[in-house]
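Visitor: Structure in structure tokens, see below.
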Amino acid sequence: MKTIEEKRSFSVSPEMIWNIVSDLSRSDWVPGVESIMLEDNVRTFKMKGMGWLVEKILKCDQDLLELEYSAIETLAPINHHLAKIKLVSNN
């Protein structure tokens, strides 16, 4: 299993970014998304040129500013996918 870690710094507070990322029905911050549907903890994207992508939301913790999700249906076959977003202050 491969693990990819990416760290980024922003000039705004983690809470400002969290307000965007934690709105699970919002997709304007995800490149290539044409539409999004949210039903319970399942989020379905329609991607330009890729068709549908279905994710299961595993964790959306308002206090810890953490989001975890897993792709459960993709155009390309995958055995396992887990993505995590954790926002922290640089102070």
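Visitor: For Glu39, indicate whether it is at pLDDT 90 or above and open to solvent by 50 Å² or more (accessible area, probe 1.4 Å).
Guide: yes
Visitor: Identify the residue in segment 80-91 that is open to solvent by 100 Å² or more (accessible area, probe 1.4 Å) and in a loop (DSSP other than H, G, I, E, B) and, among all such residues, is modelled with the lowest pLDDT.
Guide: Taking the candidates together, the pick is Asn91.
Visitor: Answer yes if at least one residue in segment 24-32 is surrounded by fewer than 12 Cβ atoms within 10 Å (Cβ to Cβ) and under 17 Å from Ile72 (Cβ atoms), and no otherwise.
Guide: no
Visitor: A further question follows. Regarding Lys46, is this residue under 22 Å from Ser13 (Cβ atoms) and either assigned to a strand (DSSP E or B) or in contact (Cβ under 8 Å) with a residue 24 or more places away in the chain (or both)?
Guide: In short, no.
Visitor: Out of (1) among the small types (Gly, Ala, Ser); (2) closer than 19 Å to Ala76 by Cα; (3) assigned to a strand (DSSP E or B), what's the single condition that is false for Ser35?
Guide: Evaluating Ser35 over (1) among the small types (Gly, Ala, Ser); (2) closer than 19 Å to Ala76 by Cα; (3) assigned to a strand (DSSP E or B) leaves (2) as the failure.
Visitor: A follow-up question, please. Please go through segment 60-79 and pick out each residue that is at pLDDT 90 or above and open to solvent by less than 60 Å² (accessible area, probe 1.4 Å).
Guide: Residues satisfying the conditions are Cys60, Asp61, Leu65, Glu66, Leu67, Glu68, Tyr69, Ser70, Ala71.
Visitor: Since Ser35 meets every condition but one in (1) over 20 Å from Leu58 (Cα atoms); (2) touching a residue at least 12 places away in the same chain (Cβ under 8 Å), which condition does it not meet?
Guide: That leaves (2) as the condition not met.
Visitor: Something else about it: Taking segment 1-13, which residues are of a type outside the set (A, V, I, L, M) and either open to solvent by 100 Å² or more (accessible area, probe 1.4 Å) or assigned to a helix (DSSP H, G or I) (or both)?
Guide: Result: Lys2, Thr3, Glu5, Glu6, Lys7, Arg8, Phe10, Ser11.
Visitor: Further question on the same structure: Give just the number: which of (1) in contact with a strand residue (DSSP E or B) (Cβ under 6 Å, 6 or more places away or on another chain); (2) in contact (Cβ under 8 Å) with a residue 24 or more places away in the chain; (3) not hydrophobic (A, V, I, L, M, F, W, C) does His80 not satisfy?
Guide: (1)
Visitor: Go through segment 14-23 and give me each residue that's open to solvent by 30 Å² or more (accessible area, probe 1.4 Å) and assigned to a loop (DSSP other than H, G, I, E, B).
Guide: Result: Asp23, single match.
Visitor: Restricting the search to segment 56-79, which residues are in a strand (DSSP E or B) and under 23 Å from Glu15 (Cβ atoms)?
Guide: Passing the criteria: Ile57, Leu58, Lys59, Cys60, Asp61, Glu66, Leu67, Glu68, Tyr69.
The values are calculated or read from the model by the stated rules, or taken from the named source; none is laboratory data. Not measured: the values here are computed from a predicted model. We place every Cβ from the backbone using ideal geometry, glycine too, and count neighbours over all the protein chains shown. Just the protein is used for accessible areas: all its heavy atoms, side chains included, with ligands, DNA and RNA removed. Shrake-Rupley method; radii C 1.70, N 1.55, O 1.52, S 1.80 Å.
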